[in-house]
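The structure appears right after this line, and notes come after that.
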Amino acid sequence: MANEIISYLEMCTREAISLQRGMNYRIRPDYSVILMSVRNGSPYADRFEDDGSTIVYEGHDVPKSNHNPNPKVVNQTLMGSSGKINENGKFFRAAQEYVRGLRTVEKVRVYEKIKQGIWSYNGMFNLVDSWSVAEGGRLVFKFKLVATDEIDGSPVEQTDHKERRRIIPTSVKVAVWKRDGGKCVVCGSTDDLHFDHIIPWSKGGSSQTADNIQLLCCKHNLQKHDKIE
């Protein structure tokens, strides 16, 4: 469920893989996984656009080595040192083949790091484009992902921009976590927490302010559903 708060261990358990890297192409036959962060000091320039319905995700650097002691000053690549396509290349190829109409859109589960030990599941996104750009004197890759309201694994594709799910901004999530003390505001539980819209977005509630977001455990989040309390 989108806006769910989980630990790194829970995230790895859910995906049945040790998520040691940010880009994980096709860890399942029907979707990929990326880990992102927009916090200060994050290693990559990931960002949200369109009120959070779009993610521009930055490709990953070459591994640090004796040959490349500072990966931030060399071009990102689509191939590894062995000559095999790397994760940048796999995502880039999938996006370009979709743009050219050669394949269906790649589904991507997106997890966002909120703070140390705290992650938020941002839901399922469609990988719709990729490109390269010169930044800081080197070549980097960018990937465009668009939010979808579909249930994970559903074949339904969301194409109407006006209906795209909006992601709660990271700054709001951090503020709500601090304000609510990392606990459900109803029962005080610290397990199975979610960021909940007090006035649902479907009823005009905002995702842009902490005043409309609260922490609820799974039980009370399901009980509330789209009710305005």
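The values are calculated or read from the model by the stated rules, or taken from the named source; none is laboratory data. A quick note: this is a predicted structure, and the numbers were derived from the prediction, not measured. Using ideal geometry, Cβ is built from the backbone for each residue, glycine included, and neighbour counts are taken over all protein chains shown. Note: areas computed on protein heavy atoms with side chains; ligands, DNA, RNA excluded. Shrake-Rupley method; radii C 1.70, N 1.55, O 1.52, S 1.80 Å.
Would you point out the residue of the range 54-78, among those that are of a type in the set (A, V, I, L, M, F, W, C) and over 29 Å from Asn122 (Cβ atoms), that is least open to solvent (accessible area, probe 1.4 Å)?
The qualifying residue least open to solvent (accessible area, probe 1.4 Å) is Val74.
Taking the range 85-99 on its own, how many of its residues are farther than 11 Å from Asp129 by Cβ, out of contact with any Lys or Arg (no Cβ under 8 Å at 6 or more places or on another chain) and open to solvent by 10 Å² or more (accessible area, probe 1.4 Å)?
Within the range 85-99, residues that are farther than 11 Å from Asp129 by Cβ, out of contact with any Lys or Arg (no Cβ under 8 Å at 6 or more places or on another chain) and open to solvent by 10 Å² or more (accessible area, probe 1.4 Å) number 2.
How about the range 104-136: which of its residues are among the polar types (S, T, N, Q) and assigned to a strand (DSSP E or B)? Give the derivation first.
Step one: list which residues in the range 104-136 are among the polar types (S, T, N, Q), which gives 104, 116, 120, 122, 126, 130, 132.
Residues satisfying the conditions are Ser120, Asn122, Asn126, Ser130, Ser132.
Looking at (1) touching an Asp or Glu at 6+ places or on another chain (Cβ under 6 Å); (2) modelled with pLDDT under 95, which one does Lys203 not meet, given that it meets all the others?
(1)
For Asp129, state whether it is among the acidic types (Asp, Glu) and either open to solvent by less than 10 Å² (accessible area, probe 1.4 Å) or modelled with pLDDT under 95 (or both). Spell out the reasoning first.
Values: among the acidic types (Asp, Glu): yes; either open to solvent by less than 10 Å² (accessible area, probe 1.4 Å) or modelled with pLDDT under 95 (or both): no.
Criteria not met by Asp129.
Does Ile27 satisfy the condition of being aliphatic (A, V, I, L, M) and buried (at least 17 other Cβ atoms within 10 Å of the Cβ)?
The answer is no for Ile27.
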